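Please read the structure below before turning to the comments.
The numbers here are math on the coordinates, done by the rules we state, and not lab data. Here the structure is a predicted model, which means the values were calculated and not measured. So basically every Cβ, Gly included, is an ideal-geometry build from the backbone, and we count neighbours across all protein chains shown.
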Amino acid sequence: TTRGSIASVAEELGTRRARVLSRYGLYEAADRWDEAFGPKTPMAQAAPATCVSCAFLIPMAGSLKQAFGVCANEFGPADGHVVSLAYGCGGHSEAAVMPKPVKPAEHALDTMRVDEYALRPERDGGSVPSEPDGDSEDLGHS
């Protein structure tokens, strides 16, 4: 290639393309992406954090890298889509993982079983006889 040709300039810029998207084309694309996955969407308004701090965000190259990236969260609503760095969803990498609910402790009182209690003590159920023997000595207690 000769110095100053379109191909040499394109190679020097690292694109190896003779034609690139115009500035107007970039703005149009950014507007479309911002409308679908931008900060003004209801999802982003309710999100706990933005994509700029998410580990699932794959940065873009080029002039739009300061405003957009690609979501790589397979469980997120924007997986595989270009998202604004100000977009957000519930699948942020720093979102708190909800712990499993704690199993409640067993009841201190068993309310499912009926305990039987005698209304009167059994006649020979105690350790001291209720009626004195004939040969027991009187200890003077009343």
Packing-based ranking, highest mean first, of 72-78, 62-68 given that Cβ atoms within 10 Å are counted: 72-78, 62-68
Protection-proxy order for peptides 49-60, 19-30, 79-90, each taking the mean of Cβ atoms within 10 Å per residue, highest first: 79-90, 49-60, 19-30
Placed amide H near Val83: partners under 5 Å, 5+ positions off or other chain: Gly69, Val70, Cys71
Chain lengthening between Asp115 and Arg23 when straightened (0.36 nm per residue, less Cα-Cα): 24.6 nm
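From the convex hull of the Cα coordinates of segment 32-95, what is the mean projected area in square nanometres?
3.7 nm²
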Net dipole in debye of segment 32-95 [+1 Lys, Arg Cβ; -1 Asp, Glu Cβ; about Cα centre; nearest 20]: 180 debye
Relative contact order (percent, whole number), segment 32-95, Cα cutoff 8 Å, 6+ residue spacing: 43 percent
